[in-house]
Amino acid sequence: MEAQQKPPAPKKKLRRRSLYQSVWRWHFYAGLIIMPFLIILAVTGGIYLFKPQIEAALYKDYYEVTPQTTVTTPSEQIDTVETIYPDAAVTSYRPSDSPDRSAEIGIQQDGTAFTVFVDPYTNVVLGKLEESYRLVNVIEKIHGELLMGTVGDRIVEWAACWALILLITGVYLGWPKSKTRIRGVLVPRLNKGKKLLARDMHVVPAFWISLGLLFLILTGLPWSGLWGNNFQALTTNAGIGYPPSVWVGDAPASDVKTKEIADVPWSAENLPVPVSANQQYAQLSVDDVVQIADEEGVKPGYNIMIPQTHDGVFTLSAFPPNARDEVTMHIDQYTGAVLADYRYDNYQLLGKIIAYGITIHKGTEFGIWNQIIGVIVCLGIVGIAVSGFILWLSRKPKGKLGSPKAPSDKVMKGVIAIIIILGIVFPLVGISIIIVWLFDRFVIPRVPALKRFFNA
């Protein structure tokens, strides 16, 4: 009697398996390519979350002062700095935001930006720091542009966008297909052998931090140089940026944007800078500007950018821990007239969402709990990157990359179509997808050694 032949697998099951292979292959490539960048972003981001504590410890001698009964004026403090640094230009003033905190005066000296710390009670200069060498500023530069300027910014944006693809494909691969497979997603299976345990130690942490990772990606992209600038321009041109109500009088016809002269909240970066027209008057003192800020109800912690030209304006910027306290204000340097007053309440809905997203991303909105949750997500990102690398090494055949086998062209086209949509939304992803797809489709199959190595 002939042995009964095993019936062929249903077409639906084969298609599902082929789709799984295709998604797995893209997840594999995405993970292998961006894993080092994810680790860098997670480590630097985790450190940056604790900026207030780090700087308070590092610069304690510059920050802390002993409260006294008499306080010197901002103008007196600036005069002291100009006497000590006669060849420097004073660019900004930051009043102390608590009784035991120093005032900060920004200067430009030989083309380099410094911050000078002054005791507001004794008018004594406590010290000077070069901005580009402050530890947390260096960490921020690594996090935002890998210390490589525009090229680094594009690499970080590219990695963040690919992390989105990594997340989407990872959710598909790890999603439990039945109730019996929920273990292995929610909790690791400790008694199912080393192979499954290695897989679970990658999948389980990824599941628990997936929403946090998605949040960090989406709230980080508005800062990026290419996608972020285009998105910002789109919101401004669509009329969902700053409303006409921020202007006292007509909006200025200016090509200079506020982000070019001051560090301001995201929603105010494209705000045109007005001009000071009444140049026959003497310039206001910084004392007057501080008084205007108090009268306008601006909370302590703001920075005043001092105009460097005859038609420039004082720009008051509050970029505080809480989004609701954000302020961007332009003040005529001669008359003291408030030319523009842009605050959280003026933001459109999208601006408010992004403002909250940024402060939560930076770990300031909800205090220490914001920092703790943020650092847990960052540690989780490092963990899943390392566990994914270990998982790959444990499965990688000798002499081969160990990538999942390439599926049929029909299934691949469907997956490519979905990923191309993401590529259109995120241009840097689109360019890299085309390069990867062309290499995978036309180069690898034609070179036997590559075909074996990439399991094509």
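Restricting to the stretch 283-314, and then to whatever is among the hydroxyl-bearing types (Ser, Thr, Tyr) and closer than 22 Å to Glu76 by Cβ, can you tell me which residue is surrounded by the most Cβ atoms within 10 Å (Cβ to Cβ)? Steps first, answer last, please.
Quick first cut of the stretch 283-314, residues among the hydroxyl-bearing types (Ser, Thr, Tyr) only: 285, 302, 309.
Right, trim to closer than 22 Å to Glu76 by Cβ and you get 285, 302.
Values: Ser285: 13, Tyr302: 22.
The selected residue is Tyr302.
Considering only the stretch 422-456, state which residues are touching a Phe, Trp or Tyr at 6+ places or on another chain (Cβ under 8 Å) and either modelled with pLDDT under 80 or surrounded by fewer than 14 Cβ atoms within 10 Å (Cβ to Cβ) (or both). Give the derivation first.
The initial filter retains those residues of the stretch 422-456 that are touching a Phe, Trp or Tyr at 6+ places or on another chain (Cβ under 8 Å), namely 426-429, 432, 436, 440, 444.
Passing the criteria: Val436, Asp440.
Considering each residue of the stretch 148-185, count those that are surrounded by fewer than 12 Cβ atoms within 10 Å (Cβ to Cβ) and within 21 Å of Val204 (Cβ to Cβ), and give that number. Reasoning before the result, please.
Residues of the stretch 148-185 that are surrounded by fewer than 12 Cβ atoms within 10 Å (Cβ to Cβ), as a first pass: 149-151, 175, 177-180, 182.
In the following step, the residues that additionally are within 21 Å of Val204 (Cβ to Cβ) were identified as 175, 177-180, 182.
Of the residues in that region, 6 qualify.
For the stretch 193-210, state whether one or more residues are outside any helix (DSSP H, G or I) and farther than 28 Å from Ser267 by Cα.
Within the stretch 193-210, the subset outside any helix (DSSP H, G or I) is 193.
When the remaining residues are screened for being farther than 28 Å from Ser267 by Cα, the result is 193.
Checked the stretch 193-210: at least one residue is outside any helix (DSSP H, G or I) and farther than 28 Å from Ser267 by Cα.
Please enumerate the residues belonging to the stretch 260-282 that are out of contact with any Asp or Glu (no Cβ under 9 Å at 6 or more places or on another chain), surrounded by 14 or more Cβ atoms within 10 Å (Cβ to Cβ) and aliphatic (A, V, I, L, M).
Within the stretch 260-282, Ile261, Ala262, Leu271 qualify.
Give the residue that is farthest from Pro74 (Cα to Cα), with candidates limited to residues of the stretch 315-337 that are aliphatic (A, V, I, L, M) and surrounded by 18 or more Cβ atoms within 10 Å (Cβ to Cβ).
So the first thing to find is which residues in the stretch 315-337 are aliphatic (A, V, I, L, M), and the list is 316, 318, 323, 327, 329, 331, 337.
From what is left, the residues that are surrounded by 18 or more Cβ atoms within 10 Å (Cβ to Cβ) are 316, 318, 323, 327, 329, 331.
Values: Leu316: 15, Ala318: 18, Ala323: 27, Val327: 20, Met329: 19, Ile331: 17 Å.
Out of the qualifying residues, it is Ala323.
Results for (1) at pLDDT 95 or above; (2) in a strand (DSSP E or B); (3) closer than 20 Å to Pro307 by Cβ; (4) touching a strand residue (DSSP E or B) at 6+ places or on another chain (Cβ under 8 Å), shown as yes or no for each residue.
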{"site": "Tyr62", "(1), (2), (3), (4)": "yes, no, no, yes"}
{"site": "Thr80", "(1), (2), (3), (4)": "yes, no, no, yes"}
{"site": "Tyr93", "(1), (2), (3), (4)": "yes, yes, yes, yes"}
{"site": "Asp97", "(1), (2), (3), (4)": "no, no, no, no"}
{"site": "Ile105", "(1), (2), (3), (4)": "yes, yes, yes, yes"}
{"site": "Phe117", "(1), (2), (3), (4)": "yes, yes, no, yes"}
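To keep it simple, each residue is scored yes or no on (1) in a helix (DSSP H, G or I); (2) at pLDDT 75 or above.
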residue	(1), (2)
Thr236	yes, no
Ile240	no, no
Ser254	no, no
Lys259	yes, yes
Pro274	no, yes
Ala282	no, yes
Asp287	yes, yes
Asp294	yes, yes
Val298	no, yes
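A quick yes/no check of all residues on (1) under 20 Å from the mean Cα position of the chain (by Cα); (2) among the aromatic types (Phe, Trp, Tyr); (3) under 13 Å from Pro265 (Cβ atoms); (4) at pLDDT 90 or above:
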{"residue": "Gln308", "(1), (2), (3), (4)": "no, no, no, no"}
{"residue": "Val313", "(1), (2), (3), (4)": "no, no, no, yes"}
{"residue": "His330", "(1), (2), (3), (4)": "no, no, no, yes"}
{"residue": "Tyr334", "(1), (2), (3), (4)": "no, yes, no, yes"}
{"residue": "Val338", "(1), (2), (3), (4)": "no, no, no, yes"}
{"residue": "Arg343", "(1), (2), (3), (4)": "no, no, yes, yes"}
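Among what's in the stretch 11-56 and is within 21 Å of Leu173 (Cβ to Cβ) and of a type in the set (S, T, N, Q), pick the residue that is modelled with the lowest pLDDT.
Ser18
In the stretch 53-68, what residues are in contact (Cβ under 8 Å) with a residue 12 or more places away in the chain and of a type outside the set (A, V, I, L, M, F, W, C)?
Just the residues of the stretch 53-68 that are in contact (Cβ under 8 Å) with a residue 12 or more places away in the chain, to begin with: 54-55, 58-59, 61-68.
Within the stretch 53-68, Glu55, Tyr59, Asp61, Tyr62, Tyr63, Glu64, Thr66, Pro67, Gln68 meet the criteria.
The values are calculated or read from the model by the stated rules, or taken from the named source; none is laboratory data. All values reported here derive from a predicted model rather than from experimental measurement. Reconstructed Cβ throughout: ideal geometry from the backbone, glycine too, with neighbour counts over all protein chains shown.
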